[in-house]
Amino acid sequence: MALTTFKEKRNFKVSPEPDGGKPDSDTLRFVIQKHDASRLHYDFRLEMEGVLKSWAVPKGPSTDPDVKRLAMMVEDHPYDYRNFEGIIPGGYGAGTVIVWDEGIYELADADGKDKKAQEKELQKGIHAGKLHIVLHGKKLKGEYALIKTKGRGENSWLLFKIKDEYVSKKDITLQDKSVISNKTLSQIEKTKKEISQNKNGDVKATSVKDKKAKEKKTSVDKMVTSGKRSGFPSKLLPMLATMIDKPFDKEGWQYEIKWDGYRAVAFCNKEKVELKSRNDKSFSEKFYPVITALQEWNIHAVVDGEVVVLDEKGKPDFGALQNWRSESDGELYFYVFDLLWMNGKDLMEIPLSERRTLLKEIIPDNPVIRFSENFEVSGIEFFETAKEMGLEGIIAKKSDGIYSAGKRSKDWLKIKTNKRQEMVIGGYTKNKDSSKSFSSLLLGVYDKERLIYTGKVGTGFSDKLQTDMLKQFKPYISKSTPFTETPDINKPSRFSPNPHVSAVWMKPELVCEVSFTEMTKDGVMRHPSFVGMRIDKKAEGVKLDKTVDMKDITLKEKTKSKSGESKSGKKDRNTFLNPTDKTQVKKINGNDIKFTNLHKIYWPKEKITKRDMLNYYYEVAPYILPYLKDRPQSMNRHPNGIEGESFYFKNVRGTAPEWIETFNYKNDTDNKLRKYLVAKDEASLLYMATLGCIEMNPWHSKVETEDYPDWCIIDLDPAENTFQQVIEAANVTKDILESMGVSSYAKTSGSSGIHIYIPFGAKYTYDQSKEFARVIATLVQREIPKYTSIERIVKSRKGKMYIDFLQNRAHATVAAPYSLRPKPGATVSMPLQWDEVKKGLKMSDFTIYNTIERINSVGDIFRPVLGKGINLEKVIKAFNNE
């Protein structure tokens, strides 16, 4: 048999590998060579018709029948290769080789057949993808099987032990010496050196493996130099793609398969490795084989990818992934497609093509970690191919695009081959005439705070899956419907003309994925089928997917506009300050502002700089300004970051630029006249930020309505209480206000509490606002006296949560909506929908990293606070009549 492929890959003038040889025995020989190349593996070779049929086994053989080892078939090797030990120099297969085991073998059902007859049967087995053999080696003995797998590639096989008297649970690979030389790999490498000469003519000995590793490291280091130096990121949310209606062909774009799995970011910080979901939940314990592979990779980097399970046809199987518990449930793969940080450099602002070139350079020789290939082809043809193969879809990416962490970008576009949608489970139905655990799931999506019914799905479940799901549902059973409008589940249809079903309602906290043909005009799915549960997505974020017309993308590119429309109607913004200059001068609203000390670290643990803070306020300006505009500001400056000294700066007399608007105010306490800065526009916001104002603290009233606040606030200050108790107190407050007919709006403080706003519309004085808040605080305290207090003196509270109504005094302030806080994690004071104020809510859910994406997704849900306000007289009258 020809050894063309083997010889084409080698330079025999340099390599000591054998290139020929003829069998010299009437028996069949086998050899297993331990090969420390780019990654340690074992080469399993069987003599067959004059050559050695060869498989690379990454984890080596096992004597345990329950352990199945991946074996990748490679090119045939010459017969004499069975005795080869030594060092392969640079090039294909470079590294050290020992003969780990060798001996003779035969067909399991040889039945006296001679060598030629067995070889004929063995060749048939190769073509059929199934070999059953008996090994007579020095280490391996007894029956083994090689089975070709489906769906893992053309050359993928499994090697495993067949039960016999040689079965053992011990790890046979711990016997690490050669059966020929009785040496280990390191001993072979130590005694056989490649002699090279340095520039000065001195002779030195260099390990081939060390030389190859050094060459690769030098190549990688050169490519990393273009990144921005930064510390290892402790948290990083993945960039998200925008869904469009159809594929396209356009220069400057590349295409990847849309993997049907769980998006995951791998944080490889030397010996510490973490795998996190798109909502920053840990996958490390659940997908432990991926963690093991990442640890073996041994890189100092952050990579983005997708965890998948492939079916027998090689397609992603989301259902199998959802039910994955161990290797017996299928092989896990981590398809990586982006490199975000490496060796002290932030790579997110260099072009995608460069990031992926570097990623491909460092990809390990590991069957679990795979490079997600990109294709610079016709996007329309690639889409049609994906559709024919039954894949979920494709991803189009701009080759020169940067990585926008935590944002949904139009530099990444997803095109689905069929309609798929995440849905919130609001309950299930039970058919009285059926033995099944349930008949169908009742599903919906959120539209602002309303859960809208989208139909029921009754297909795609096995009996076992239904049983398991029912156990999962038990803690969420509720007495009332979570849907805004209760669905008519007994409505007759042509499939069920006389249904006898009952509904079991659930708290809307679990998410699943469903495929369907289309949505009706009424917003109900046609022909839905259950795909799987989604553990990586929060229910409150599930909204109906809306596709962007490809024409809009094209028009956007033609006009060279890099801004997109968010749900709030505001335009997305690019980064404000460049990443290199320590000082920059920018013209904002016609005014020059000098931004200094941009490299200064403001959040030491997270390595967040002053530049990062200013970029955030630039991006969030359209949303935060309505709560700052025309209001005097009590500036709390942190010029040296959150761990440095801070001070309040309320008098800008003689220090502020001429274009800054001010407001004269004399405090009754000290009778001093102060010039407060008045926020007017982006320029004044960014001026405050560059002074080191990490948080923004506006008055509750505007300059023109100085004595009339726009809102009334209930400030829940937890003291020694748990945040769960703060959540409970917030909901009690909401219920009391609703009983009065008053709408209220909650936000996290960004520190430890919750602020509840009541719109006043500048119609009532501060005193009236304070007294109304006192009434509410008193009623709340009566409801939950065990852990709340309205005592102003701290000692009198005895560690209880303070329901602070005194924040409604003139010139008192709290952090504005969307304001950063000088707290670890760079938390944000975030407006909430009331259904988010529940168990599991954490202050750390909302930070500098994900605020813009959230606003783009849900809009500015706090805007009603700026509305016309309540009718206080009517509220009090109704309350007194009760």
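Data table
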{"item": "Residue selected from the stretch 255-275 under the condition touching a residue at least 24 places away in the same chain (Cβ under 8 Å) and among the basic types (Lys, Arg), by the criterion nearest to Leu332 (Cα to Cα)", "result": "Arg263"}
{"item": "Number of the exception - Ala396 against (1) touching a strand residue (DSSP E or B) at 6+ places or on another chain (Cβ under 7 Å); (2) in contact (Cβ under 8 Å) with a residue 40 or more places away in the chain; (3) within 27 Å of Gly523 (Cα to Cα)", "result": "(3)"}
{"item": "In the stretch 300-315, the residues that are open to solvent by less than 20 Å² (accessible area, probe 1.4 Å) and either of a type in the set (A, V, I, L, M) or in contact with a helix residue (DSSP H, G or I) (Cβ under 6 Å, 6 or more places away or on another chain) (or both)", "result": "Ala301, Val302, Val303, Val307, Val308, Val309"}
{"item": "Some residue of the stretch 724-731 being of a type in the set (D, E, K, R), more than 25 Å from Asn651 (Cβ to Cβ), touching a Gly at 6+ places or on another chain (Cβ under 6 Å) and crowded, with 17+ Cβ neighbours inside 10 Å", "result": "no"}
{"item": "Flag for Asp24 being under 24 Å from Gln175 (Cα atoms), free of Cβ contacts under 8 Å to residues at least 12 places away in the same chain and surrounded by fewer than 18 Cβ atoms within 10 Å (Cβ to Cβ)", "result": "no"}
{"item": "Val14 vs. criteria in a loop (DSSP other than H, G, I, E, B) and of a type in the set (Val, Ile, Thr)", "result": "yes"}
{"item": "Scope the stretch 276-290; condition open to solvent by less than 40 Å² (accessible area, probe 1.4 Å) and of a type in the set (Phe, Trp, Tyr); matching residues", "result": "Phe283, Phe287"}
{"item": "Tabulated pairs, the stretch 342-368, first on the phi > 0 side of the Ramachandran plot, second open to solvent by less than 30 Å² (accessible area, probe 1.4 Å), C-beta under 7 angstrom, 6+ apart or interchain", "result": "Asn343/Val224"}
{"item": "Subset tally (residues that are of a type in the set (D, E, K, R), under 28 Å from Asn366 (Cβ atoms) and in contact (Cβ under 8 Å) with a residue 12 or more places away in the chain) for the stretch 1-21", "result": "4"}
{"item": "Unmet criterion (only one of (1) in a helix (DSSP H, G or I); (2) in contact with a strand residue (DSSP E or B) (Cβ under 9 Å, 6 or more places away or on another chain)) for Glu381", "result": "(2)"}
{"item": "Residues (open to solvent by 10 Å² or more (accessible area, probe 1.4 Å) and among the hydrophobic types (A, V, I, L, M, F, W, C)) located in the stretch 505-519", "result": "Trp505, Leu510, Phe516, Met519"}
{"item": "Failed item, numbered, when Asn343 is tested on (1) within 17 Å of Gly305 (Cα to Cα); (2) in contact with a His (Cβ under 9 Å, 6 or more places away or on another chain)", "result": "(1)"}
{"item": "Strands (runs of 3 or more DSSP E) contained entirely in the stretch 393-506, each with at least 1 residues that are of a type in the set (Lys, Arg)", "result": "393-398, 408-416, 419-431, 450-457"}
{"item": "Leu625, sole failed condition from (1) part of a helix (DSSP H, G or I); (2) open to solvent by less than 10 Å² (accessible area, probe 1.4 Å); (3) among the hydrophobic types (A, V, I, L, M, F, W, C); (4) out of contact with any helix residue (DSSP H, G or I) (no Cβ under 6 Å at 6 or more places or on another chain)", "result": "(2)"}
{"item": "Scan of the stretch 774-792 for residues that are assigned to a loop (DSSP other than H, G, I, E, B), in contact (Cβ under 8 Å) with a residue 40 or more places away in the chain and of a type outside the set (Ser, Thr, Tyr), ordered by number", "result": "Ile784"}
{"item": "Meets criteria (part of a loop (DSSP other than H, G, I, E, B) and either open to solvent by 10 Å² or more (accessible area, probe 1.4 Å) or not hydrophobic (A, V, I, L, M, F, W, C) (or both)) for Ala810", "result": "yes"}
{"item": "Tabulated pairs, the stretch 622-636, first in contact (Cβ under 8 Å) with a residue 40 or more places away in the chain and closer than 20 Å to Asp860 by Cβ, second open to solvent by 10 Å² or more (accessible area, probe 1.4 Å) and among the hydrophobic types (A, V, I, L, M, F, W, C), C-beta under 8 angstrom, 6+ apart or interchain", "result": "Pro626/Leu866; Tyr627/Leu866; Asp630/Val703; Arg631/Val703"}
{"item": "Candidate set from the stretch 844-862 (those that are touching a residue at least 24 places away in the same chain (Cβ under 8 Å) and touching a Gly at 6+ places or on another chain (Cβ under 6 Å)); member that is nearest to Glu449 (Cα to Cα)", "result": "Glu853"}
{"item": "Cβ pairs under 6 Å, 6+ apart, first in the stretch 601-618 and assigned to a strand (DSSP E or B), second of a type in the set (D, E, K, R)", "result": "Tyr602/Lys610"}
{"item": "Strands (runs of 3 or more DSSP E) contained entirely in the stretch 41-115, each with at least 3 residues that are under 24 Å from Lys150 (Cα atoms) and open to solvent by 10 Å² or more (accessible area, probe 1.4 Å)", "result": "69-78"}
{"item": "Cβ pairs under 8 Å, 6+ apart, first in the stretch 793-814 and without any contact (Cβ under 8 Å) to a residue 40 or more places away in the chain, second surrounded by fewer than 13 Cβ atoms within 10 Å (Cβ to Cβ) and not in a strand (DSSP E or B)", "result": "Leu806/Arg792"}
{"item": "Enumeration of residues in the stretch 592-618 that are open to solvent by 30 Å² or more (accessible area, probe 1.4 Å), over 26 Å from the mean Cα position of the chain (by Cα) and farther than 14 Å from Ile642 by Cα", "result": "Asp592, Lys594, Thr596, Asn597, His599"}
{"item": "Filter pass, Lys150 being in contact (Cβ under 8 Å) with a residue 40 or more places away in the chain, in contact with a Ser or Thr (Cβ under 9 Å, 6 or more places away or on another chain), farther than 18 Å from Leu70 by Cα and loosely packed, with under 14 Cβ neighbours inside 10 Å", "result": "no"}
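To keep it simple, each residue is scored yes or no on (1) open to solvent by 30 Å² or more (accessible area, probe 1.4 Å); (2) under 20 Å from Ile848 (Cα atoms).
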| site | (1), (2) |
| --- | --- |
| Phe649 | yes, no |
| Val652 | no, no |
| Ile660 | no, no |
| Lys666 | yes, no |
| Lys680 | yes, no |
| Ala689 | no, yes |
| Gly692 | no, yes |
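Yes/no matrix, rows are residues, columns are (1) surrounded by 15 or more Cβ atoms within 10 Å (Cβ to Cβ); (2) modelled with pLDDT of 80 or more; (3) polar (S, T, N, Q); (4) not in a strand (DSSP E or B):
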{"position": "Asp164", "(1), (2), (3), (4)": "no, yes, no, yes"}
{"position": "Lys169", "(1), (2), (3), (4)": "no, yes, no, yes"}
{"position": "Lys199", "(1), (2), (3), (4)": "no, no, no, yes"}
{"position": "Asp210", "(1), (2), (3), (4)": "no, no, no, yes"}
{"position": "Glu215", "(1), (2), (3), (4)": "no, no, no, yes"}
{"position": "Lys250", "(1), (2), (3), (4)": "no, yes, no, yes"}
{"position": "Gln254", "(1), (2), (3), (4)": "yes, yes, yes, no"}
{"position": "Arg263", "(1), (2), (3), (4)": "yes, yes, no, no"}
{"position": "Glu274", "(1), (2), (3), (4)": "yes, yes, no, no"}
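The values are calculated or read from the model by the stated rules, or taken from the named source; none is laboratory data. Note that the structure is predicted; figures quoted are calculated from it, not measured. Counting neighbours? That spans all protein chains shown, and the Cβs are built from the backbone with ideal geometry, glycine included. Accessible surface is based on the protein model in full, side chains and every heavy atom, while ligands, DNA and RNA are left aside. Shrake-Rupley method; radii C 1.70, N 1.55, O 1.52, S 1.80 Å.
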